[in-house]
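One structure is given below, encoded as structure tokens.
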């Protein structure tokens, strides 16, 4: 069985899953649908084919439910299979582009790393999420709690 790393982006549809061997992307899976349905199905197949060293997931900001489901599902797999669990920000996989929040609002990150919500400017461009071609495990955080960025209730 090949030793691989997995990278999961589940903030939007399609869900993107990258399979990495020796830190290089060797396969990409793109799945339409809900995180709660897609992750169990695809990981059932992945776990049959590969021995996983690390799972890296995008911990937010983005869809509250998608982040929560991904975190619980992936954390459970990592605990039960003794897999290293890491995370990164959604801004790291979309070129620091705004990320859909609520209604017409988007999460944006400034140069200091502060995340706020605002309405997009007319000419603002949104980038799709992309799996990195190569990964460096040392650059990902071991602080894997979701970054929900929920607005205050008023």
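The values are calculated or read from the model by the stated rules, or taken from the named source; none is laboratory data. Note that the coordinates shown come from a computational prediction; the quantities given were computed from them, not determined experimentally. Methodologically, a virtual Cβ is constructed for each residue, glycine included, from the backbone with ideal geometry; neighbour enumeration extends over all protein chains shown.
Find the residue count for segment 1-48, including only residues that are in a helix (DSSP H, G or I) and within 20 Å of residue 90 (Cα to Cα).
Pass one, segment 1-48, residues in a helix (DSSP H, G or I): 35-48.
Now drop any that are not within 20 Å of residue 90 (Cα to Cα), which leaves 35-36, 38-39.
Looking only at that region, the number is 4.
I'm told residue 21 meets every condition in (1) modelled with pLDDT of 95 or more; (2) surrounded by 15 or more Cβ atoms within 10 Å (Cβ to Cβ); (3) farther than 21 Å from residue 143 by Cβ except one. Can you identify the failing condition by its number?
Tallying (1) modelled with pLDDT of 95 or more; (2) surrounded by 15 or more Cβ atoms within 10 Å (Cβ to Cβ); (3) farther than 21 Å from residue 143 by Cβ, residue 21 fails exactly one: (2).
Is one or more of the residues making up segment 26-39 within 20 Å of residue 135 (Cα to Cα), modelled with pLDDT of 95 or more and surrounded by 21 or more Cβ atoms within 10 Å (Cβ to Cβ)? Lay out the reasoning, then the answer.
Of all residues in segment 26-39, those within 20 Å of residue 135 (Cα to Cα) come to 26-30.
In the following step, the residues that additionally are modelled with pLDDT of 95 or more were identified as 26-30.
Then drop every residue that is not surrounded by 21 or more Cβ atoms within 10 Å (Cβ to Cβ), which leaves none.
No - not one qualifying residue is present in segment 26-39.
Listed residues 69, 93; which is under 13 Å from the mean Cα position of the chain (by Cα) and within 19 Å of residue 27 (Cβ to Cβ)?
Values: 69 fails: within 19 Å of residue 27 (Cβ to Cβ).
On inspection, the qualifying residue turns out to be 93.
Condition first: modelled with pLDDT under 95, more than 18 Å from residue 87 (Cα to Cα) and in contact with a strand residue (DSSP E or B) (Cβ under 7 Å, 6 or more places away or on another chain). Can you find one or more residues in segment 3-13 that meet it?
Restricting attention to segment 3-13, the residues satisfying the condition of being modelled with pLDDT under 95 are 3, 11-13.
From what is left, the residues that are more than 18 Å from residue 87 (Cα to Cα) are 3, 13.
With the extra rule that they be in contact with a strand residue (DSSP E or B) (Cβ under 7 Å, 6 or more places away or on another chain), the set shrinks to 3.
Yes: segment 3-13 contains one or more residues that are modelled with pLDDT under 95, more than 18 Å from residue 87 (Cα to Cα) and in contact with a strand residue (DSSP E or B) (Cβ under 7 Å, 6 or more places away or on another chain).
Take segment 46-104 and flag every residue that is on the phi > 0 side of the Ramachandran plot and either surrounded by fewer than 17 Cβ atoms within 10 Å (Cβ to Cβ) or touching a strand residue (DSSP E or B) at 6+ places or on another chain (Cβ under 7 Å) (or both).
Just the residues of segment 46-104 that are on the phi > 0 side of the Ramachandran plot, to begin with: 60, 62, 82, 95-96, 103.
Across segment 46-104, the qualifying residues are 62, 82, 95, 96, 103.
Pairs, please: C-beta under 7 Å, at least 6 apart or cross-chain, first residue closer than 21 Å to residue 72 by Cβ and in segment 27-38, second assigned to a helix (DSSP H, G or I)?
If the second residue must be assigned to a helix (DSSP H, G or I), the pairs left are 29/42; 31/38; 31/42; 35/66; 35/69; 35/70; 36/69.
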